[in-house]
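Working notes, beginning with the structure itself.
The values are calculated or read from the model by the stated rules, or taken from the named source; none is laboratory data. Owing to the predicted nature of the structure, the values given are computational and were not obtained by experimental measurement. Positions of Cβ are generated from backbone atoms using ideal geometry, with glycine treated the same way; all protein chains shown enter the neighbour counts.
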Amino acid sequence: MSRRFNIRVYGICIRQGLLLVSEELIRGQWIIKFPGGGLEWGEGPHDCLRREWQEELGLDIEVGNHFYTTHFFQPSAYDDSQVLSIYYHVSFSPLQQPQNSNEGERIRWVPLEQVSANLFSMPIDKHVGHMLSQSSGYHLPLA
């Protein structure tokens, strides 16, 4: 049995009381998640996040403060790996507009008061969604 890690890096963008989320069609099912994706060999988490946001949303982002790294065991829903997710605050110029890279992805802004664990599809994102819903104890910079 192969034991490996799947490292994911995601961005949290909050602008004017709204959170940017991504909906992605994965294996025939729409998944609501934070924009981001898998760390590739030879890149660091910040480089990964910049690449993923450019590929998925066509945005050049600034990576801000670390928000959260998985602190519990989470097996992948798709293979035999253990998922480790890292979340950072991100921002981008108001002159840029996020755009879907393909038909299998959609983006939308969600009012912060509607953000909760239930908004998201995957367990680690649910945990971060809960953290954001309890945001009075967290520093949430505006993009």
Query raised in the report: Pairs under 8 Å by beta carbon, first residue at pLDDT below 95 in segment 115-128, partner part of a loop (DSSP other than H, G, I, E, B) and aliphatic (A, V, I, L, M), six or more apart or different chains?
Result: 122/77
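Before we move on, is residue 17 within 19 Å of residue 135 (Cβ to Cβ), touching a helix residue (DSSP H, G or I) at 6+ places or on another chain (Cβ under 7 Å) and small (Gly, Ala, Ser)?
Numbers: within 19 Å of residue 135 (Cβ to Cβ): yes; touching a helix residue (DSSP H, G or I) at 6+ places or on another chain (Cβ under 7 Å): yes; small (Gly, Ala, Ser): yes.
The answer is yes for residue 17.
In segment 129-143, what residues are of a type outside the set (A, V, I, L, M, F, W, C) and either at pLDDT 95 or above or assigned to a helix (DSSP H, G or I) (or both)? Walk me through how you get there before you give the answer.
First, pick out the residues of segment 129-143 that are of a type outside the set (A, V, I, L, M, F, W, C): 129-130, 133-139, 141.
Selection gives 129, 130, 133, 135, 136, 137.
Yes/no per residue for (1) more than 23 Å from residue 26 (Cβ to Cβ); (2) surrounded by 11 or more Cβ atoms within 10 Å (Cβ to Cβ):
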| position | (1), (2) |
| --- | --- |
| 64 | yes, yes |
| 77 | no, yes |
| 81 | no, yes |
| 92 | yes, yes |
| 102 | no, no |
| 105 | no, yes |
| 108 | no, yes |
| 128 | no, yes |
**Report entry** Those residues of segment 72-126 which are in contact with a helix residue (DSSP H, G or I) (Cβ under 8 Å, 6 or more places away or on another chain), part of a helix (DSSP H, G or I) and of a type in the set (A, V, I, L, M, F, W, C), in sequence order
**Finding:** 112, 117, 119
